[in-house]
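Read through the structure below, which is laid out as structure tokens, and then see the notes.
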Amino acid sequence: METKRPGGVLSNRPLHFIWILDVSGSMEGDKIQSLNYAIRNSIPAMKSVADENPNAEVLVRCITFGNEVKWHIRTAVNVADFEWKDIQAGGMTPMGKAMNLLADQLKIPPMTDRALPPVLVLITDGQPTDDFATAYQNLMQESWAKKAVRLGIAMGEDADTAVIEKFIGNKEIKPLVANNSEQLVNFIKWASTAVVQAASSPASQLKDEKVTGNVPIGTMPDVSDLNQDVVW
Amino acid sequence: MWQIIAESVKSANHPLNQDSKKYFIPKDKEYVVVAIADGHGSKKCFRSNVGSEFAVEVLINIFRQHFSSNTFDNLQAGFSGIKDNLAKTIHRQWMEKVRNHLAKNPFSFEEELIDVKVLNNQVISYGTTLLGALITKNYIIYLQLGDGDILVVKDNEVTRPIPKDENLIANETYSLCDKEADSLFRFYYQPVIGQLPDLILLSTDGYSNSFPNDNEFQKTALDYNNLYKEEGMSFIRKNISGWLKDTTVHGSGDDLTTILVFKTSDNESATKRETDNTN
């Protein structure tokens with residue numbers, strides 16, 4: 001006897017993970033190499049976390065801002081198929097334009113109302129050379145930007161942590177300051193595993209209970225056991 | 001006149017099912033009341049399974065009382081005035097139940113440590129949504145607070161008496177534990193003109209979140225309706241638990257609860273005795 005399940009095709013829920021990367025001239029050399037290495041290094045663990053959470057479909061994209069603002073990975077790639085292609089550094093730091101590009105993709109559509117809270121990770125070593133404040137305001141008009149888990153990593157002491165704090169918009173989540181390659185690897189791995197894990201199975205929350213996001217992301221990464229050298 | 005199936009499956013990701021369901025059909029089958037509630041899964045809402053149980057109990061009792069006193073008859077012009085009082089009554093009675101429960105079951109030491117905000121406003125720990133319907137020969141009242149779905153099938157078309165709330169994304173929802181919850185209820189009063197709907201489906205958000213879009217989800221209602229006509233109630237009853245488990249495993253991974261109210265022909269016996277079933 002036919003026992004076909006009622007309803008159409010089933011689907012797990014999309015979890016958009018977007019890197020927003022500073023590729024300005026000041027990132028040239030060791031910083032950009034470290035960033036390429038750290039992201040590539042994080043992929044296996046990110047895939048493992050995605051495998052452990054079959055009810056979420058982790059989709060990765062990447063924006064870069066430097067000589068130009070563009071999608072380094074334009075089409076959302078299932079993390080199972082995600083491969084990292086190295087980025088090159090050069091140019092200014094048009095972080096505001098990167099926010100505008102991001103905002104366009106967080107509208108409904110192309111986002112759907114059933115997605116899981118996106119994870120947005122901003123990594124920069126400097127300060128915006130364009131109008132970040134207005135662009136950020138526009139970004140935060142989008143419902144999915146407000147509900148996203150927004151994280152920020154500063155590469156070196158010269159990064160404008162006030163801007164990163166603004167992007168995060170949550171007093172409980174501080175910018176992660178990476179002073180060397182080992183710390184960067186650690187932070188990127190945390191963002192792409194522990195945070196993805198938390199965002200994959202969020203519990204229902206009271207509306208507007210928190211100012212930003214609605215995913216408890218747990219303990220921030222501890223770097224006390226890592227190399228403390230200030231390289232950048 | 002009606003046949004009902006209520007089913008719920010627990011998510012593999014949750015230690016316990018925080019959804020609740022309840023329905024009532026009187027002996028004379030003059031009307032049906034159905035209710036489901038989805039207790040929030042957040043860490044702060046650690047008593048939401050109790051809160052959702054209270055929610056469905058309160059709604060069933062209130063709708064029964066109002067039906068008995070004919071409150072909702074001939075309301076085409078005046079339901080808006082009544083719905084505010086209805087929302088306030090539901091909210092107040094749910095709060096009373098929660099406070100009584102808290103008085104008899106104060107927070108344990110472990111519960112007190114979970115969150116200081118909850119310690120200061122302990123009702124939060126019982127947070128839940130609520131969906132329900134009072135179905136009579138002359139009118140149907142649909143009610144919703146928070147996320148979840150109500151679908152209606154009539155003449156092979158699916159409609160939503162209460163539209164989806166575009167403000168509720170990213171697992172955020174309105175809740176009975178909100179101090180202003182009575183202002184967040186949504187109602188739809190529908191006088192019955194011609195035939196009653198063939199099927200009314202209520203479900204927690206774990207069901208619709210298991211499909212890539214609303215069209216794929218709405219096929220569930222059409223499929224249940226066709227299965228009812230072609231295979232009968234016992235077939236659905238036998239299989240529904242497996243279907244729901246399959247849905248949550250390959251879909252949202254959430255607790256999943258649904259109530260299906262099928263219209264029967266007049267000579268079919270829907271229920272042989274008074275039923276007050278929480279399953």
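Residues in segment A:154-172 that are in contact with a strand residue (DSSP E or B) (Cβ under 8 Å, 6 or more places away or on another chain) and not small (Gly, Ala, Ser): A:MET155, A:GLU157, A:ASP160, A:THR161, A:VAL163, A:ILE164, A:GLU165, A:PHE167, A:ILE168, A:ASN170. The single residue among B:THR89, B:THR71 that is more than 14 Å from chain A (Cβ to nearest Cβ) and closer than 19 Å to B:GLU180 by Cβ turns out to be B:THR89. Of the residues making up segment B:161-185, those that are out of contact with any strand residue (DSSP E or B) (no Cβ under 6 Å at 6 or more places or on another chain), more than 9 Å from chain A (Cβ to nearest Cβ) and within 13 Å of B:GLY148 (Cβ to Cβ) number 2.
This table checks each residue for (1) touching a residue at least 60 places away in the same chain (Cβ under 8 Å); (2) within 19 Å of the chain's Cα centre (by Cα); (3) under 15 Å from B:THR129 (Cα atoms).
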residue: B:TYR31; (1), (2), (3): yes, yes, no
residue: B:ILE36; (1), (2), (3): yes, yes, yes
residue: B:VAL56; (1), (2), (3): yes, yes, yes
residue: B:PHE107; (1), (2), (3): no, no, no
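Please determine whether any residue of segment A:104-120 is small (Gly, Ala, Ser) and modelled with pLDDT of 95 or more. The answer is no; no qualifying residue exists.
Residues checked against (1) surrounded by fewer than 21 Cβ atoms within 10 Å (Cβ to Cβ); (2) within 14 Å of chain B (Cβ to nearest Cβ); (3) not aliphatic (A, V, I, L, M):
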| residue | (1), (2), (3) |
| --- | --- |
| A:GLU68 | yes, no, yes |
| A:ALA80 | yes, no, no |
| A:GLY90 | yes, no, yes |
| A:ASN100 | yes, no, yes |
| A:ILE108 | yes, yes, no |
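Results for (1) within 14 Å of chain B (Cβ to nearest Cβ); (2) of a type in the set (Phe, Trp, Tyr), shown as yes or no for each residue.
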site: A:LEU59; (1), (2): yes, no
site: A:PHE65; (1), (2): no, yes
site: A:ILE87; (1), (2): no, no
site: A:THR93; (1), (2): no, no
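Based on this model, can you work out whether B:VAL123 counts as without any contact (Cβ under 8 Å) to a residue 60 or more places away in the chain and either of a type outside the set (Gly, Ala, Ser) or part of a helix (DSSP H, G or I) (or both)?
yes
For A:ILE164, the stated conditions hold: it is hydrophobic (A, V, I, L, M, F, W, C), under 13 Å from the mean Cα position of the chain (by Cα), modelled with pLDDT of 95 or more and not in a strand (DSSP E or B).
Of everything listed in (1) under 25 Å from B:ASN167 (Cβ atoms); (2) modelled with pLDDT under 85; (3) surrounded by 15 or more Cβ atoms within 10 Å (Cβ to Cβ), the single unmet condition for A:GLU142 is (2). Just one residue in the set A:ALA45, A:ALA38 is more than 14 Å from chain B (Cβ to nearest Cβ), within 15 Å of A:TRP190 (Cα to Cα) and crowded, with 23+ Cβ neighbours inside 10 Å; that residue is A:ALA38. Among the residues of segment B:212-248, those identified as more than 7 Å from every other protein chain (Cβ to nearest Cβ), crowded, with 22+ Cβ neighbours inside 10 Å and farther than 24 Å from B:HIS14 by Cα are B:GLN218, B:ALA221, B:ASN225.
Of these, A:ALA154, A:ALA159, A:ALA133, which one is among the hydrophobic types (A, V, I, L, M, F, W, C), surrounded by fewer than 20 Cβ atoms within 10 Å (Cβ to Cβ) and away from every other protein chain (no Cβ under 14 Å)?
A:ALA133
A:SER181 meets the stated requirement of being in contact (Cβ under 8 Å) with a residue 60 or more places away in the chain and of a type in the set (Ser, Thr, Tyr).
The values are calculated or read from the model by the stated rules, or taken from the named source; none is laboratory data. Everything quoted here is computed from the prediction, not taken from an experiment. Note that we place each Cβ from the backbone using ideal geometry, even for glycine, and neighbour counts take in every protein chain shown.
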